[in-house]
Amino acid sequence: LKTRFYSVPGSESSTFKIVLSLTKGPGPCANFECLQTDARSTSEVLLNSPEDYKGGEMAFFVNDEVDILPRAAGSLVQYPPKVLRGITSVVEGTRMSLLILDKDDAAGIDLPLTLTEDDVVSFLAHRACAK
């Protein structure tokens, strides 16, 4: 994990912390947000199979579109601080992951951005198509 964290450009001089994230359903989604501006990298390792829970999908808003990232247990996702991302509601079961965060980003992923109505409509339309 250390090697992967430092492979993100700009993170070479950073220190990191590892956080265990457990989200039990039914629960709220993680709103779309970006990392704080002083953060350099975030990585997430999914610890259990998506078959163990319903919902909890990682979504990225890139090029005016919402993309849902398919995941498998043990998969690693890395993204830079300026990527807008969220996680859909866990409606059943428990989603478990390890977050590898830039230690300078003391609050974790703490700086939400305001979405427009069009962003929400696009996200909901994508979710409806996926069902």
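Taken together, the values in this text are just the output of simple stated rules run on the coordinates, not laboratory data. Fair warning: this is a prediction, and the values are worked out from it, not measured in the lab. Cβ sites come from the backbone with ideal geometry, for glycine too, and all protein chains shown count toward neighbours.
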Full extension between D118 and D67 adds, at 0.36 nm per residue less the Cα distance, a length in nm of 16.9 nm
Non-local amide H neighbours of C29 (under 5 Å, H modeled in plane, Pro and chain starts lacking H): which ones?
S89
Mean Cβ-within-10 Å packing, highest first, puts peptides 60-71, 90-101 in the order 90-101, 60-71
Separation in nanometres of the label points that stand 7 Å from Cα toward Cβ, at Q78 and E12
1.4
